[in-house]
Structure formats: C-alpha cells, structure tokens
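Undergrad: Structure incoming, see below.
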C-alpha cells in the first residue's frame, strides 16, 4: 500500500507514460503465468488426496518462477529508469488485514541522495 504522499511524489518524479509502461510489463508477466498456475493448482487440488500433497509442488515451483520473473522486470526497470530518479521498486510480502495470509505487493522506496559536497 502506498500513501497518498508517496503517490504524489512518485507522480511528480515519473511521467505517466513511464509508470504505465512499468505496470504493463509487470501485468504482462502475470497474464502469461497466471493461467498456467491456476490450471496446475486445480489439478493439484484434485489429486492431492492420492498423492499426499505432492501434486501441489508444481504450483509452488511455478509461483516462485513467477515471482522471480517479476523481480527480474523490476530490476531492469530500476537500473534503466528509476534509480536515476532516486526511486527503487521491489516486490515485498505484506500480511493481509486481520488474517494470517500473506500477499505480494509492489513497494516504491526513495533512495536517499548522498551529499557529495559535504566532507566526511
């Protein structure tokens, strides 16, 4: 979750086209991988009783692969655009409201500028 102040600062530093391009890259990764993950999840749930839970391993592996793909996209975006603007995007875990479930969210962090004119 981003605060309103963070979003306002982000909007002043990043052009709307660049923000939309970043979101479309992340969403394209999810569009490619999510249908496959759902099919494996349904198959794993159906076969779970017979395989003693081992049929859910492909779902875990595919989820990890999706997470790594999104992190790779964010690393590319950070190195080519956002680090120059003093921003850093990353994928973080966050606890859902009043439950034990965790979800992944995109976090935007500000990189502090190092004063180069001040002596050590």
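Here, each number is a calculation from the coordinates, and none is a lab measurement. Keep in mind it's a predicted model, so treat the numbers as computed, not measured. Positions of Cβ are generated from backbone atoms using ideal geometry, with glycine treated the same way; all protein chains shown enter the neighbour counts.
Undergrad: Using a Gaussian network model on the chain with a 10 Å cutoff between Cα atoms, which of 108, 60, 70 fluctuates the most?
TA: Residue with maximal mean-square fluctuation among 108, 60, 70: 60.
Undergrad: Would you compute, from DSSP H runs of 4+ residues alone, the mean residue ellipticity of the chain at 222 nm, taking -39500 (n - 2.57) per run and dividing by the full residue count, rounded to the nearest 500?
TA: -20500 deg cm²/dmol
Undergrad: What's the angle, to the nearest 10 degrees (0 to 90), between helix 57-80's Cα axis and the longest principal axis of the chain?
TA: 10
Undergrad: Now a separate question. Using the number of other C-beta atoms within 10 angstrom as an exposure proxy, rank 17, 77, 71 with the fewest first. Present the calculation step by step, with values, prior to reporting the outcome.
TA: Values: 17 8, 77 19, 71 14.
So the residues, fewest neighbours to most, are 17, 71, 77.
Undergrad: Now, a different point. Going by alpha carbons, how many degrees (0 to 90, nearest 10) lie between the helix axis of 16-51 and the longest principal axis of the chain?
TA: So the inclination is approximately 20 degrees.
Undergrad: Sticking with this structure for a sec: Taking the 0 to 90 degree range and rounding to the nearest ten, how far is the long axis of helix 4-13 tilted relative to the main principal axis of the chain, both from C-alpha atoms?
TA: Computed tilt is about 60 degrees.
Undergrad: Follow-up question, since we're still on this one. Calculated from the structure, Kirkwood radius over Cα pairs in Å equals which of (i) 17.9; (ii) 17.0; (iii) 16.4?
TA: Here the calculated entry is (ii).
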